[in-house]
Amino acid sequence: MTEKRGIAHLVCGRRAKWVVLVLWLIVLFLTAPFAQKLTDAQDNDAASWLPGSAESTQVLQMSEDFRPEQIPAIVIYARDGGLTAGDRAAIEADVRELKQLTAHGIRGDETRGPTYDRETDPRAAQVYVPITMDEKGWEQISPAVDDIRAVTGEGGGGLAVHITGPGGTSADFSEAFEGIDSTLLLSAMAVVIVMLLITYRSPTLLVVPLLSVIAALLTAQALIYLLAEHAGLTVNGQSAGILTVLVFGAGTDYALLLVARYREELRSHEDRHEAMALALHRAGPAVIASGATVVLSMLVLLAAEMNSTRGLGPVAAIGVAVALLAMMTLFPALLVICGRWIFWPAIPHLGAPNPHERGLWARMGRRISVRPRMVWAVTAAVLALCSLGLIQLRAEGISNADAFTGTPDSITGQQVSERYFPAGSGDPLVIISNQDRAEEVGRAVAETPGVVPESLGLPPGTEPSFEGKVLFEATMSDPADSEAAKQTVERVRDAVHAVPDADAQVGGGTAALLDMDKATTHDNLLIIPLVLIVVLLILCVLLRALIAPLLLIGTVILSFAAALGISALAFRHLFDYAGESTDFPLFVFVFLVALGIDYNIFLTTRIREESARQGTRAGVVTGLAATGAVITSAGLVLAGTFAALGTLPMVAFAEIGFAVALGVILDTFVVRSILVPALFMDVGPKVWWPHRLAKEDGGAGPAETAEPMARPAGP
């Protein structure tokens, strides 16, 4: 072994590899039981998503002093030709039975209704069934709605029966999230298996990275569960789902890059232990820098106002950090234990030629070198043109009706309800004020446009007052998740805040959506620049230059804009989505910048290595030739794992998955393969300023005459 191996000997030495394996087996034995409990630790209640300082969050917390936190399910009965006498009798019987329900938090004794759309010849009826959100919270919504449905049935004979309102919609969301971990795990695993088979062309080799990634995922899930239970870490369905995708995508990427370098070292060294030590020594810094970029970028999310966004930061950071650790320890140890046969049938033998020396990527590099300025200018112009699709972006929030890829019963019920009742029925405004100013506050609410005046009142089961405070509700005339309803909330807040000494606050579902929109706008303006600064600093430290990092950041921003522009056009004209969630640009940006910069790191670190030997322009050709195939494979794996989000029946997940997958493809095939090499060739040695490479360019010759050196592939 050479001295270059450094700490690599601690991972892949003749004895050390067995120690590493045993340690990981112990870790998995201890953590696997906790990994299975992560779903139980998820907090999908409203407060886990809302910004902590928002007015709606404060109302939600104060309302628990008046009554247990409740979420109402609304049962809608409707017949186009009008309800018959038999229908009305059946509805009355259902109500009597509903009032007896107590399981899963149902407050049957507080059931209200039936309320008919008109006194004579009614066409529809509405029944209000409150569900208490106790310590089980989100978990009991779906069973509670199932209990209600068991009483009401699903209609028939022309009578339509639907369960909607916040309870019905939450139950449908709960069912959509149900099994999210297993669905994404199986989808991501299928993508990884297919891509590894295509990349390695070896049915045996794919087992090692797959086992390593699964070990990383289980360990990360267990660690996150323990932090959620004992350290107050917030985990919800969104962050748990993204965790699976990140660990599989990033972990497999790191495995691909290490295997590429290991394979090449095996062609130059007989001892596989030495080959792995050199592979870790040469590829390790780039892989570690890549992982650090993702981890630090995710931790920037801790600055977010949104609880859901802030909670995603440490969850994602832990997942990527554990994946990086597994790929730098367990994965190399397993490869060395298995030996060369693991590459069957394409076993790399000692002395075999490096296939990249005259391959596709070497030819592409030489062609770019002929006219690099024209190449990068045209490429940048095309990406800029694609970014014009941003004018089609509607990141203003998604209504419940547009949130699902299909049409669940709660959405159908909402549409039916809006034909006969005030559109905001079932999801009222919640107002809390000082009791001695309650009359003035109530009058201000009732006189606000968009509020149904006669709906104002104290909800059943609510304490009339608590420590000098009073709580009452009001129904809005517009759908609770509409832009018009949000404007009504703004007007109501202005009205009640103007009442002297009332200390009035307005909450409820619509107010929560409004506060989430405002918090997300704040987070977008704060976090996006912070992530750029973090990535720029890491690149500056890694490359010991300033010009190159600035160019790389510019290409990533351009790629992000192009991906968002194309995605917006696809959402409007291909998938027919109504819009995007307000946090859509932020999530896509963070994932694309943190993950997309990986490929630039792998490419530019190799270019820098070669530039010291043969000059910048020739080094670009060699770097592209050496990293092209493996980075392309890694990009396809990462894009495929994010595309797996499209298997979930929720538009927000499908949109994030599509946009990130598209952005990764652009980074892989356009930015890293064409734009960055052309820019570096055009700028030349000055790209390394202020490092001495900017002056002492070892290769000196024109790039178009440069041939790639016979060096091992990899970053």
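The values are calculated or read from the model by the stated rules, or taken from the named source; none is laboratory data. Fair warning: this is a prediction, and the values are worked out from it, not measured in the lab. Glycine gets a Cβ as well: all are built from the backbone with ideal geometry, and neighbour counts include every protein chain shown.
For this structure, a couple of remarks:
- Looking across region 686-701 at every residue that is surrounded by fewer than 22 Cβ atoms within 10 Å (Cβ to Cβ) and part of a helix (DSSP H, G or I), the one that is modelled with the lowest pLDDT is identified as 694.
- Failed item in (1) more than 21 Å from the chain's Cα centre (by Cα); (2) not in a helix (DSSP H, G or I), with residue 537 passing the rest: (2)
- Residue 612 passes every criterion in (1) at pLDDT below 85; (2) buried (at least 21 other Cβ atoms within 10 Å of the Cβ) apart from (2).
- Scanning region 5-38 for residues that are modelled with pLDDT under 80 and either part of a helix (DSSP H, G or I) or under 17 Å from residue 324 (Cα atoms) (or both) yields 5, 6, 7, 8, 9, 10, 11, 12, 38.
- Sole residue being more than 26 Å from residue 654 (Cβ to Cβ), hydrophobic (A, V, I, L, M, F, W, C) and not in a helix (DSSP H, G or I), chosen from 233, 296, 280, 324: 233
- Sole residue being under 25 Å from residue 399 (Cα atoms) and either out of contact with any Pro (no Cβ under 6 Å at 6 or more places or on another chain) or among the small types (Gly, Ala, Ser) (or both), chosen from 441, 470, 499, 451: 451
- Contacts under 9 angstrom Cβ, first residue in region 386-402 being more than 12 Å from residue 572 (Cβ to Cβ), partner part of a helix (DSSP H, G or I) and basic (Lys, Arg), 6 or more apart: 397/486
The rows are residues; the columns are (1) modelled with pLDDT under 85; (2) in a loop (DSSP other than H, G, I, E, B).
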position: 40; (1), (2): yes, no
position: 58; (1), (2): no, no
position: 61; (1), (2): yes, no
position: 68; (1), (2): yes, yes
position: 76; (1), (2): no, no
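- Those residues of region 91-112 which are under 24 Å from residue 80 (Cβ atoms) and crowded, with 19+ Cβ neighbours inside 10 Å, in sequence order: 91, 94, 95
- Test: residue in region 423-437 that is under 29 Å from the mean Cα position of the chain (by Cα), charged (D, E, K, R) and assigned to a loop (DSSP other than H, G, I, E, B): yes
- Any hit, region 273-280, residues being over 30 Å from residue 234 (Cβ atoms) and without any contact (Cβ under 8 Å) to a residue 60 or more places away in the chain: yes
- Summed over region 397-422, residues that are of a type in the set (Gly, Ala, Ser), part of a helix (DSSP H, G or I) and buried (at least 22 other Cβ atoms within 10 Å of the Cβ) total 3.
- Against the test of being modelled with pLDDT of 85 or more and under 13 Å from residue 77 (Cβ atoms), the options 130, 143, 114 yield a single qualifying residue, 114.
- Residue tally, condition surrounded by 17 or more Cβ atoms within 10 Å (Cβ to Cβ), in a loop (DSSP other than H, G, I, E, B) and over 40 Å from the mean Cα position of the chain (by Cα), over region 438-468: 0
- If you go through region 629-658 and keep only what is surrounded by fewer than 23 Cβ atoms within 10 Å (Cβ to Cβ) and either in contact with a His (Cβ under 9 Å, 6 or more places away or on another chain) or aromatic (Phe, Trp, Tyr) (or both), you end up with just 629.
- Any chance residue 615 is touching a helix residue (DSSP H, G or I) at 6+ places or on another chain (Cβ under 9 Å) and under 30 Å from residue 245 (Cβ atoms): no
- Here residue 551 clears all of (1) surrounded by fewer than 24 Cβ atoms within 10 Å (Cβ to Cβ); (2) within 24 Å of residue 304 (Cα to Cα); (3) out of contact with any Asp or Glu (no Cβ under 6 Å at 6 or more places or on another chain) except the condition numbered (2).
- On inspection, residue 122 does not qualify as surrounded by fewer than 18 Cβ atoms within 10 Å (Cβ to Cβ) and either touching a helix residue (DSSP H, G or I) at 6+ places or on another chain (Cβ under 7 Å) or assigned to a loop (DSSP other than H, G, I, E, B) (or both).
- Considering each residue of region 469-485 in turn, at least one proves to be under 35 Å from the mean Cα position of the chain (by Cα), closer than 30 Å to residue 301 by Cα and in a helix (DSSP H, G or I).
- From 692, 672, 608, 613, residue being free of Cβ contacts under 8 Å to residues at least 40 places away in the same chain and out of contact with any Ser or Thr (no Cβ under 8 Å at 6 or more places or on another chain): 692
- Qualifying residue in region 236-254 (condition: in a helix (DSSP H, G or I), touching a Phe, Trp or Tyr at 6+ places or on another chain (Cβ under 9 Å) and either surrounded by fewer than 19 Cβ atoms within 10 Å (Cβ to Cβ) or not assigned by TED's automatic domain parsing to the domain that holds residue 289 (or both)): no
- The set of residues in region 76-86 being buried (at least 20 other Cβ atoms within 10 Å of the Cβ) and more than 22 Å from residue 142 (Cβ to Cβ) consists of 78, 83.
- The residues in region 93-109 that are touching a Pro at 6+ places or on another chain (Cβ under 7 Å) and more than 16 Å from residue 141 (Cβ to Cβ) can be counted, and the count is 1.
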